[in-house]
Amino acid sequence: MESYHGTSSANAAALTSGVIDVTLGGGELGRGFYSGEHLHEAKAWAFHTSGDRTSNVVKLATEDDQVEALDLKLMDAGSAGLARYRIRTAGETRTFVFGHDMIWSPIVGSEKVSGDQYKWESDTSALLLNDSARTTREVV
């Protein structure tokens, strides 16, 4: 499975060394490290949040069986949209966790679904993302 994480150029370089921390980030589905299926979405996010135009995305590649072995929560657009509403209303975009290793859902922060996002939220998922034998990390 390949996914992309948009950030600043400085953070992208640091993340390739295996220092992904699932407790630092936050977003529409709460606390976690977010990546997505599309490079262009990650590039747009990185530019919007950091202003950096280059070297601002980390490409993560993990074998499918490693991801499938995680405790996954799969969400459709309706359930993800409802969760997003509840999390935002409660002011928990940087604290809420579902209690799974990874949440797989559509990006629901806009009128149309533009792709899938992956919210890595457990220590188990952090170990997978930071293990160079199981996940490659490169700046793109």
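Just a few scattered comments:
- Backbone HN-Hα couplings from phi across region 80-89 [Karplus 6.51/-1.76/1.60, Hz, Gly and Pro as x]: 5, x, 5, 4, 4, 4, 5, 5, 5, 4
- Cα-based shape type of region 70-115, given that a ≥ b ≥ c are square roots of the gyration tensor eigenvalues and the cut on a/c is 1.5: oblate
- The spread of Cα positions in the chain, taken along each principal axis and listed from longest to shortest, comes to 35, 35, 23 Å.
- Computed from the C-beta positions of residue 21 and residue 47 and an R0 of 22 Å, the FRET efficiency is 0.45 to the nearest 0.05.
- Taking a straight Cα-Cα cut-off under 13 Å and skipping sequence neighbours fewer than 8 places away in the same chain, the aspartates and glutamates within cross-link reach of residue 43 are 52.
- Relative exposure of 5, 48, 40, judged by other C-beta atoms within 10 Å (fewest first): 48, 40, 5
- For 112, 43, 119, order by how many other beta-carbon atoms lie within 10 Å, fewest first: 112, 43, 119
- Across the chain, the mean sequence separation of Cα contacts (distance under 8 Å, 6 or more residues apart), normalised by length, yields a relative contact order of 35 percent.
- If only the Cβ of Lys and Arg carry +1 and only the Cβ of Asp and Glu carry -1, the dipole of the chain around its Cα centre is close to 600 debye.
- Estimated from the Cβ-Cβ distance and a Förster radius of 25 angstrom, the FRET efficiency linking residue 136 and residue 94 is about 0.35.
- Cα centre as origin, Lys/Arg/Asp/Glu Cβ charges: region 70-115 dipole, Debye: 180 debye
- Site pair residue 79 and residue 55 shows an inter-label distance of 4.1 nm when each label is modelled 7 Å from Cα along Cα→Cβ.
- Order of 88, 31 under a 10 Å beta carbon neighbour criterion, fewest first: 88, 31
- Gyration tensor (alpha-carbon) shape descriptor, region 31-100, a/c threshold 1.5: oblate
- Model label points for residue 123 and residue 86, set 7 angstrom from Cα along the Cα-to-Cβ axis, are 2.6 nm apart.
Each reported figure results from applying straightforward, stated rules to the coordinates on display, with no laboratory input. Just so it is clear, the structure is predicted and the values come from calculations on it, not from any experiment. Methodologically, a virtual Cβ is constructed for each residue, glycine included, from the backbone with ideal geometry; neighbour enumeration extends over all protein chains shown.
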